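A.B. asks: Below is a structure I'd like to ask you about.
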Amino acid sequence: MPELPEVETTLRGISPHISGKTIADTAIRQPKLRWPVPPTLAAALQGQTVLECSRRAKYLLIRFNTGLLLIHLGMSGSLRIFTAGDERIALPGKHDHIDIAFTDGTLLRYHDPRRFGAVLWFAGAAEHHPLLAALGPEPLSAAFNAAYLYEKLHKQKRAVKPALMDNAVVVGVGNIYANESLFAAGISPKRAANQVTRKECARLVETIQAVLQRAIATGGSTLRDFVNSDGQSGYFQQEYNVYGRHNQPCPQCGQLIHKETIGQRGTFYCRHCQK
Ligand SMILES: [Zn+2]
């Protein structure tokens, strides 16, 4: 599943190829995504120029004069750019559901085998969209700091891991990054959120930012894959300290990594290093 670093990498991969360009035509071959693609989308996009590409949580936001295109990659979605003349422009595959063609011949293609993603139009500002209005701060922004995190966590009795994965607390800390940042901070995922100290909140903010930034840096090496390539995977593989390492030695102490389900998600941690 694309996590925040993959979405950020997608933004950096497509943005230089579509910013400032004007849409000639939009083809919607399969409108049944997580929510239906609006039937008016092609008409809304026709002749519009891309003013800005940005990201909020795991939503890609493409802004035009008259509104906003929201794209969510869901479980298996990806975006690819094809430049003018590429023969694959005329040969969409089975899971290539939407094509946005620009007047210079560039094509932006949305591919999503499992169809849990979303492509939506909103004639307003991003902060007013119902899917975005209630979101917590971006993890890499100044608004996500130790004082803020402590303020949020100290009111909650649930375990710290599901609290970190709650989009109302902070966006974009998916299962992988919650596991990895709690390990780096030495905090057990089972600890009650209200038992995390101010000092530990400062450490958690640092480790969350570090693991996300490291992942985004890894994604940087895949930027060329967004252009004129077959969009099969697009998700980068990384080395993890605890995630997916059940019964393998902890990189810090050598004891075996423990796995259990917390908040309905597979949770990996070292019972010796994380208290
Ligand atoms: Zn350990």
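A.B. asks: Among the residues of segment 246-269, write down those that are within 7 Å of the ligand (Cβ to nearest atom) and either open to solvent by 100 Å² or more (accessible area, probe 1.4 Å) or not assigned by TED's automatic domain parsing to the domain that holds Val173 (or both).
C.D. replies: If the condition is that a residue be within 7 Å of the ligand (Cβ to nearest atom) and either open to solvent by 100 Å² or more (accessible area, probe 1.4 Å) or not assigned by TED's automatic domain parsing to the domain that holds Val173 (or both), then Gln252 is the only one that fits.
A.B. asks: For segment 84-140, list the strands (runs of 3 or more DSSP E) that sit wholly inside it and hold at least 2 residues that are in contact with a Phe, Trp or Tyr (Cβ under 7 Å, 6 or more places away or on another chain) and within 27 Å of Gly172 (Cβ to Cβ); which are they?
C.D. replies: Once the strands (runs of 3 or more DSSP E) in segment 84-140 are filtered for at least 2 residues that are in contact with a Phe, Trp or Tyr (Cβ under 7 Å, 6 or more places away or on another chain) and within 27 Å of Gly172 (Cβ to Cβ), what remains is 96-102, 118-122.
A.B. asks: Next up: Could you please let me know if Leu60 is open to solvent by less than 10 Å² (accessible area, probe 1.4 Å), under 30 Å from Met165 (Cβ atoms) and under 13 Å from the mean Cα position of the chain (by Cα)?
C.D. replies: In short, yes.
A.B. asks: If I go through segment 140-165 residue by residue, how many of them are surrounded by 15 or more Cβ atoms within 10 Å (Cβ to Cβ), more than 17 Å from Gln264 (Cα to Cα) and of a type in the set (Lys, Arg)?
C.D. replies: Here the count works out to 1.
A.B. asks: Next question, about the same structure. Filter segment 1-37 down to residues that are closer than 20 Å to Leu212 by Cβ and without any contact (Cβ under 8 Å) to a residue 60 or more places away in the chain, then give me how many there are.
C.D. replies: Final tally of qualifying residues: 2.
A.B. asks: Taking segment 166-209 as the search range and keeping residues that are assigned to a helix (DSSP H, G or I) and among the charged types (D, E, K, R), which one is most open to solvent (accessible area, probe 1.4 Å)?
C.D. replies: Selected residue: Lys199.
A.B. asks: Within segment 153-160, is even one residue at pLDDT 95 or above, in contact with a Gly (Cβ under 9 Å, 6 or more places away or on another chain) and closer than 27 Å to Ile257 by Cβ? So that I can check it myself, show each step before the final result.
C.D. replies: Step one: of segment 153-160, the residues at pLDDT 95 or above are 153-160.
From what is left, the residues that are in contact with a Gly (Cβ under 9 Å, 6 or more places away or on another chain) are 158-159.
Retained after the next criterion (residues that are closer than 27 Å to Ile257 by Cβ): 158-159.
Among the residues of segment 153-160, at least one is at pLDDT 95 or above, in contact with a Gly (Cβ under 9 Å, 6 or more places away or on another chain) and closer than 27 Å to Ile257 by Cβ, which makes the answer yes.
A.B. asks: Give me the pairs: first residue in segment 234-258 and over 17 Å from Tyr177 (Cβ atoms) and assigned to a loop (DSSP other than H, G, I, E, B), second residue away from the ligand (no atom under 11 Å from the Cβ) and not hydrophobic (A, V, I, L, M, F, W, C), beta-carbon distance under 6 Å, and six or more apart or on different chains, which are they?
C.D. replies: Every condition considered, the pairs that remain are Gly234/Ser78; His246/Lys259.
A.B. asks: Next up: Return a yes/no flag: does segment 3-13 have any residue that is over 18 Å from the mean Cα position of the chain (by Cα) and small (Gly, Ala, Ser).
C.D. replies: Within segment 3-13, not a single residue is over 18 Å from the mean Cα position of the chain (by Cα) and small (Gly, Ala, Ser).
The values are calculated or read from the model by the stated rules, or taken from the named source; none is laboratory data. Just so you know, these numbers come straight off a predicted model, no measurement behind them. Methodologically, a virtual Cβ is constructed for each residue, glycine included, from the backbone with ideal geometry; neighbour enumeration extends over all protein chains shown. What goes into the accessible areas is simple: the full protein's heavy atoms, side chains included, and nothing from ligands, DNA or RNA. Shrake-Rupley method; radii C 1.70, N 1.55, O 1.52, S 1.80 Å.
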